[in-house]
Amino acid sequence: MNEHLDRCDLCGGELGPGTTTLEIWRGEDLIIIRDVPADVCEQCGEAYISANISEKLDQFLSEYHRHRPERYLAVPQYSAVQAIGG
Ligand SMILES: [Zn+2]
């Protein structure tokens, strides 16, 4: 997720400019950041974020609670028992 790559680490596909949506847990909070610029694998869709942007995201995540979210999502949660039986 840090150093610049020309090819996908996972499948060897070509990377092109694109964006990705990040889902990040901070304690009990799930934070979503949309449209983050990234190099995206044209084959499998894996996204690679530059060190520069990664640094800015870390900065934001250290103080995200000071920012008003653009919106809140309701997210369904299930237990493993519901999903795969107990
Ligand atoms: Zn790939």
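Tabulated values for the structure
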read-out: Of residues in segment 41-55 being away from the ligand (no atom under 16 Å from the Cβ) and out of contact with any strand residue (DSSP E or B) (no Cβ under 7 Å at 6 or more places or on another chain), the one nearest to T19 (Cα to Cα); value: S50
read-out: Members of segment 12-40 found to be outside any strand (DSSP E or B) and either away from the ligand (no atom under 11 Å from the Cβ) or under 25 Å from A74 (Cα atoms) (or both), listed by number; value: G27, E28
read-out: Restricting segment 49-77 to residues that are part of a loop (DSSP other than H, G, I, E, B) and among the polar types (S, T, N, Q), the residue that is least open to solvent (accessible area, probe 1.4 Å); value: S50
read-out: Qualifying residue in segment 61-83 (condition: within 28 Å of R7 (Cα to Cα) and of a type in the set (D, E, K, R)); value: no
read-out: D9 being open to solvent by less than 50 Å² (accessible area, probe 1.4 Å) and either part of a helix (DSSP H, G or I) or within 16 Å of the ligand (Cβ to nearest atom) (or both); value: no
read-out: Subset of segment 32-48 that is within 9 Å of the chain's Cα centre (by Cα) and within 20 Å of E70 (Cβ to Cβ) - its residue that is surrounded by the fewest Cβ atoms within 10 Å (Cβ to Cβ); value: R34
read-out: Residue list for segment 19-31, restricted to those being open to solvent by less than 70 Å² (accessible area, probe 1.4 Å) and among the hydroxyl-bearing types (S, T, Y); value: T20, T21
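The values are calculated or read from the model by the stated rules, or taken from the named source; none is laboratory data. As the structure is a prediction and not an experimental result, all values here were calculated from the model. Note that each Cβ is placed from the backbone with ideal geometry, even for glycine, and that neighbours are counted across all protein chains shown. Accessible surface is based on the protein model in full, side chains and every heavy atom, while ligands, DNA and RNA are left aside. Shrake-Rupley method; radii C 1.70, N 1.55, O 1.52, S 1.80 Å.
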